[in-house]
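Scroll down for the structure; my scribbles are underneath it.
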Amino acid sequence: MTILNRIATLALGATAMYYFDPQMGRRRRAQLCDTLNALRNDTADCLLSEGKQAADHVRGWTASARSAMDLDEPPASDSQLAERIRAQLGRLVSHPGAITVDVVAGDVSLTGHILAAEHSALIPAVAAMAGVRRVDDRLEVHDSAGNTPELQGGTGP
């Protein structure tokens, strides 16, 4: 028997004595069990979180690739396209409720009030959306909210 085998045997014996002690052994085994369960749960949570994040990244890359290759499906109807544009408005302007969206055969008409700082980003973003043929810009552009009720309050885009 080598010296390493003897050391391993001594360590195993000491561990057995520690965990099978008549007075404190039950408590020590319960603590070890709790620690191992917590470690297992933390590992599972971490792996689940990382897996979800990886899946989200793959979904994002896939959407980017589909968009770059013009594989996005155009909206089924004008009303669906109008809803997609309204959803995009909430990301682009601070007062999306001040803008009315009308769509007829892919031709988009935007009416209402908008701040000048937001106007330059809105029109190209709407024009770039799948299914949009043309954008008719009928928005009233304001340098500041001033006395325009539609532009009062709101949040930043």
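How much accessible area does residue 109 have with a 1.4 Å probe, in Å² rounded to the nearest 10?
20
The chain: percent of C-alpha pairs farther apart than 23 Å?
Values: 7792 of 12246 pairs.
Summing the P(r) of the chain above 23 Å gives 64 percent of all pairs.
Let me know the charge dipole size of region 91-138 about its Cα centre in debye, to the nearest 20, where only the beta-carbon of Lys, Arg (+1) and Asp, Glu (-1) is charged. Walk me through the intermediate numbers first.
Details: 4 positive and 5 negative charges, 20 e Å.
Dipole of region 91-138, to the nearest 20 debye: 100 debye.
Only sites in a loop by DSSP and with at most 16 other Cβ atoms within 10 Å count here; which trypsin sites (Lys or Arg not before Pro) in region 70-152 make the cut? Can you show the working numbers first?
Values: sites: 84, 86, 91, 133, 134, 138; in loops: 133.
For trypsin sites (Lys or Arg not before Pro) across region 70-152 that sit outside H, G, I, E and B with at most 16 neighbouring Cβ atoms in 10 Å, the list reads 133.
Output the relative contact order of the chain, whole-number percent, from Cα pairs under 8 angstrom with separation of 6+ residues.
Details: 141 pairs, mean separation 27.5, N = 157.
18 percent.
Give me D for region 58-117 in µm² s⁻¹, whole number, from Stokes-Einstein with Rh from the Kirkwood sum over alpha-carbon pairs, 20 °C and 1.002 mPa s. It would help to have the intermediate numbers written out before the result.
Working: Rh = 13.2 Å.
My calculation gives 163 µm²/s for D.
Can you give me the angle between helix 78-92 and the longest principal axis of the chain, using Cα atoms only, in degrees from 0 to 90, rounded to the nearest 10?
70
Give, as a single signed number, the net charge of other residues whose beta carbon lies under 13 Å from the beta carbon of residue 110, with Lys and Arg counted +1 and Asp and Glu -1. Don't skip to the end; give the middle numbers.
Working: positive: 86, 134, 138; negative: 102, 107, 118, 136, 137, 140.
Residues near residue 110 contribute -3 overall.
Return one number: the angle in degrees, 0 to 90 and rounded to the nearest 10, between the long axis of the Cα atoms of helix 116-127 and the longest principal axis of the Cα atoms of the chain.
Taking the Cα atoms of the chain, the angle to 116-127 is about 80 degrees.
With point charges of +1 on the Cβ of Lys and Arg and -1 on the Cβ of Asp and Glu, referenced to the Cα centre of region 40-157, which listed residue (109, 53, 85) lies farthest in the positive direction of the dipole?
53
Tell me the relative contact order for region 92-139 as a rounded percent, counting alpha carbon contacts under 8 Å between residues six or more apart. Let's see the in-between values first.
On the way: 64 pairs, mean separation 20.1, N = 48.
Relative contact order here is 42 percent.
What's log10 of I(q)/I(0) for region 13-56 at q = 0.17, 0.23, 0.28 Å⁻¹, Debye sum over Cα points only, no solvent?
These q points yield log10 I(q)/I(0) values of -0.58, -0.75, -0.89.
Where the only charges are on Cβ atoms (+1 Lys, Arg; -1 Asp, Glu), what is the dipole of region 1-137 about its Cα centre, to the nearest 20 debye?
Values: 14 positive and 16 negative charges, 245 e Å.
The dipole magnitude comes to about 1180 debye.
In the chain, carbon and sulfur make up what percent of the accessible area (probe 1.4 Å)?
Values: 6370 of 11080 Å².
Its accessible area is 58 percent carbon and sulfur atoms.
Could you do me a favour and compute the accessible area per residue for region 1-117, 1.4 Å probe, result in Å²? Can you show the working numbers first?
Details: 8510 Å² over 117 residues.
Per residue, region 1-117 has an accessible area of 73 Å².
How much mean residue ellipticity at 222 nm does the chain get from its helices, if each DSSP H run of length 4 or more adds -39500 (n - 2.57) and you divide by all residues, to the nearest 500 deg cm²/dmol? Don't skip to the answer; put the middle values down first.
Working: 4 runs with 88 residues, N = 157.
That calculation yields -19500 deg cm²/dmol at 222 nm.
The values are calculated or read from the model by the stated rules, or taken from the named source; none is laboratory data. What you see is a predicted model, and the numbers here were worked out from it, not measured in a lab. No Cβ is skipped: glycine too gets one built from the backbone with ideal geometry, and neighbour counts run over all protein chains shown. Note: areas computed on protein heavy atoms with side chains; ligands, DNA, RNA excluded. Shrake-Rupley method; radii C 1.70, N 1.55, O 1.52, S 1.80 Å.
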